[in-house]
Structure formats: C-alpha cells, structure tokens
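*Asks:* For reference, the structure I am asking about is given below.
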Amino acid sequence: MAEGSKFSGFIIGGGGGGNIVGNGFYDMGFYRKLDEGSNMSMDSVGSLQTSTCGGSVAMSLENSSVGSNNSRSGILRHNGLRLFPGANFSVGHSVLRPGRVSHAMNEDALAQTLMDPRYSTESLENYDEWTIDLRKLNMGVAFAQGAFGKLYRGTYDGEDVAIKLLEKPENDPERAQLMEQQFGQEVMMLANLKHPNIVRFIGACRKPMVWCIVTEYAKGGSVRQFLMRRQNRSVALKLAVKQALDIAKGMEYVHGLGFIHRDLKSDNLLIFADKSIKIADFGVARIEVKTEGMTPETGTYRWMAPEMIQHRPYNQKVDVYSFGIVLWELITGMLPFPNMTAVQAAFAVVNKGVRPVIPQDCLPALGEIMTRCWDANPDVRPSFSEIIRMLQSAQEEIMNTVRKARFRCCIQPMVID
Ligand SMILES: Nc1ncnc2c1ncn2[C@@H]1O[C@H](COP(=O)(O)OP(=O)(O)OP(=O)(O)O)[C@@H](O)[C@H]1O
C-alpha cells in the first residue's frame, strides 16, 4: 500500500458506552461491548502493527456501545433540564472527525447555553432562513453521542425532533475550525436536500459557544442500533430489500445533485415508524470534484472504500462501496468484519482484498449486487440507478417465489367420487 503511512495520526474515536433504554418501538436488549481496545498503526508498506507505547500511531478504536432512543423522560423546557445519563454511542466514529467530543460544559449547561436569551443568535450566512426560533424549541434528553456532537430529543413547534448540539472548543482553534466547517457543511447539505429518503432538515442555530442542528426525529433509531437490539438477527428478506431500495433511492438523489456522502454506514441510516429508511449525517458530505478526484479521507473504516483508505483520488463510487457493505448488513444482520478491529478490517480490505462473506443461502441476485458494489475497481461498481433496477428485479423474484409458495399451499387435492 503506497500511502499506508498516512494512517499515522488519525484518531478514530473514543471509548465509552451506555446502557440501552428502550424506546418502545423495537425490542429492548443489551448490547455487547466489542472491546476494540488496542492501539494499531499501518507502516509505510502497509503492514499492521499493534503498539503499546510511543512510536506507532495511537488510535483509540471505535467505541461500540449502542443504546436506543429514550422516550421515558418527558420533554423538558430549558429551565430545570433533566438529562438521561445513559446516552448511547455509535459503533464507529468517523475518521478525521474530532474524536469524542469532550464537553467543557456539562449536558445541562450546554443545552442551557443554547436556550439562554442572553447569548445572541449568530447568522447562518447564506442559510439564515433556516435559523430556528428557539422559543418553539423544547430540549429533551440526550440520547446519542456522535463523534461530532451530542444528540438530544426534543420538540420543535410541537413536532418530535432530534437536536444535535456542538460545543465550540474554547482553547483549540484548529478543532473549532474543523467543527465549524462540519457544521456549515451539514447545514448547507441538509438545506439543499429534499427527498423522502433523506432526513428532513428543520433548522439550525448558531450561538457563540454552541451550535445546533435540528432534524426530524427517527423513532426507530439507526439501522445499526436496530440490528444490535435484534442481536444481529437479520430482518425479513422482503423488508431488507425494501429498506435497501430506500437507501439506494436516497443516494441516487444525492449523487444526482453532484454530492458524495462519504460516510454511508448503518449508524447514519435512520428507521422511521413506517419502517422506511432515511439517510442522515451530512457533516462530511462534499460536492464531487470531477477533474482530479478528492483526497481528504473521511468515513468509517468498516464501510470505507479501499481507495479512500489509501488516500487515492476517489469519486461518488465510494458511496456505492459503502452501500454494498450496508446491503450485506441488512441481509445478514451482522456487523461487517465482526472479528476484526476497524483498523484490521481496513488493512484486510486494502491489502488482502477481503470482503464480508456472503451467506450461501443468499439470493444470488443480491449477492451479485454486493460483489459489484464492493469491487476494488470503482469503475466496475454500478451507479445507484443501476442498483435500484437490480434491487427491484430481486424484489420481483422474492415476490414471485412467495406467490408460488402461497399458490402451492392453496391447491386442494381433487376429490374424485
Ligand atoms: N434524526 C435522528 N433521529 C434519531 N436518531 C438520530 C437522528 N440523527 C442522529 N441520530 C442518532 O445519533 C447518532 C449520531 O448522530 P450523527 O451521526 O449525526 O452524529 P455525528 O457526530 O455526526 O457522528 P458520527 O461521526 O459518529 O457519524 C446516529 O448514529 C443515530 O443513531
């Protein structure tokens, strides 16, 4: 791997975990902590090293406790906030996002700072019409921790919403700039994306020390949380294909506008009450640069295309690769590369061409979609329009099989007197 040494220095995320609190929508359960605790690095020829002391890269690996969204505590106004202690965390924080946000302010203070009328609301520049009216916002409990910010439940003008709060780091201008860039990026993307399979943007607010992004709230949480609550049992094939189609349709729209998501993974796919899926987290999405490709890496290793891991130029096809991994997750119900750390998975994908194992009983048409999506050569990967066609034909095949089976059951043996 020519550019393997560039692995050096990236913090993947922090540890931590939380208890699961059921939201009453899907089963409750406890999630096993994956314990990806060793430090690793890849040297310039791409070999994987574990390290316990200086010299090698210190990567704090993916944190892995996942809970579900909490709905037991009521929605609270900013006075006298009560926050739920067991916030949940996603399986893999994205590379190059600021590590786990360590808040200088505690959760109450952070939320109160947002709501405090003494701190003036700043301009969202070109997106001022999206500035929320804080009088209509009721802050609820914290329910998830991303690499970039903390998620709270709440209501806006009576509607259930998710509120992402980002605390501006006071003594770290570099980090503040990165977070500011991601905040601006996410607002810009969300304001421009309107599709049934993209999470709906409600608005944002910028104060001197805290920024917030408000979106519609997904009652079912993320696909990863959902699969974990099911203890990695897959869902019914028909539903899995329907959900894969939702994602592909959302992504076809995103690509049609010339954007790349760059962090498509089951943590960023939200399940709504009708079981439909919407794509979220556009904090690292970018406009595709056609001429020379794009080099800054982002995303999360388990779902990341090899060219992105290797810092080679890349295009929209990195999202197709990630989609192939997500499709495998939907079909199998499992975490990709479950017996490897994220860094080991990245190494195996790049240097050994390893991919998730397609189960023997998988519908061949679906297996073919996965294999094409995660091809090492981005040009061989299909577009999302093609993926939609392939999934629709797989859906037809599944329906026909079900119809035939039902028909066979219904035929009564003829009685001849
Ligand atoms: N609208 C929503 N409704 C319900 N849950 C949500 C919503 N938005 C985000 N979440 C949950 O919060 C988690 C973190 O959110 P998000 O990905 O936006 O944060 P982030 O800081 O950008 O994190 P990361 O870099 O880890 O992806 C998601 O994985 C998902 O489980």
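*Asks:* Going by average Cβ density within 10 Å per residue, which order do the peptides 119-131, 326-338 take, highest to lowest? Let's see the in-between values first.
*Replies:* Numbers: 119-131: 13.2, 326-338: 21.2.
Sorting 119-131, 326-338 by mean packing, highest first, produces 326-338, 119-131.
*Asks:* Right, another one. How would you rank 198-204, 314-320, highest first, on the average number of other Cβ atoms within 10 Å across their residues?
*Replies:* The densest-packed peptide leads the list: 314-320, 198-204.
*Asks:* Could you name the lysines whose alpha carbon sits less than 17 Å from that of Lys194, not counting residues in the same chain fewer than 8 places away?
*Replies:* Lys249, Lys278
*Asks:* With a ≥ b ≥ c taken as the square roots of the eigenvalues of the C-alpha gyration tensor of the stretch 163-287, please select rounded if a/c is under 1.5 and otherwise prolate if a/b is larger than b/c or oblate if it is not? Mind dumping the intermediate values first?
*Replies:* Details: a/c = 2.23, a/b = 1.70, b/c = 1.32.
It is prolate, given that a/c is not under 1.5 and a/b is the larger ratio.
*Asks:* Another question about this same structure. Cα gyration tensor of the stretch 223-371, axes a ≥ b ≥ c as square roots of the eigenvalues: rounded (a/c below 1.5), prolate (a/b > b/c) or oblate?
*Replies:* oblate
*Asks:* Right, next: In percent, what relative contact order does the stretch 148-260 have, based on Cα pairs under 8 Å that are 6 or more apart in sequence?
*Replies:* Answer for the stretch 148-260 is 24 percent.
*Asks:* Dipole size in debye (nearest 20) for the stretch 139-241 around its Cα centre, Lys and Arg Cβ +1, Asp and Glu Cβ -1?
*Replies:* It works out to roughly 620 debye.
*Asks:* Also: Based on the mean of other beta carbon atoms within 10 Å per residue, what is the order of 375-388, 220-233, most packed first?
*Replies:* 220-233, 375-388
*Asks:* Can you divide the C-alpha Rg of the stretch 114-201 by 2.2 N^0.38 Å and report the result to two decimal places?
*Replies:* Working: Rg = 13.7 Å, N = 88, 2.2 N^0.38 = 12.1 Å.
That works out to 1.14 for the stretch 114-201.
Every number here is computed from the coordinates shown, using simple stated rules; none is lab data. The structure displayed is predicted, hence computed values, not measured ones. Heads up, the Cβs are rebuilt from the backbone with ideal geometry, glycines too, and the neighbour counts pull from every protein chain shown.
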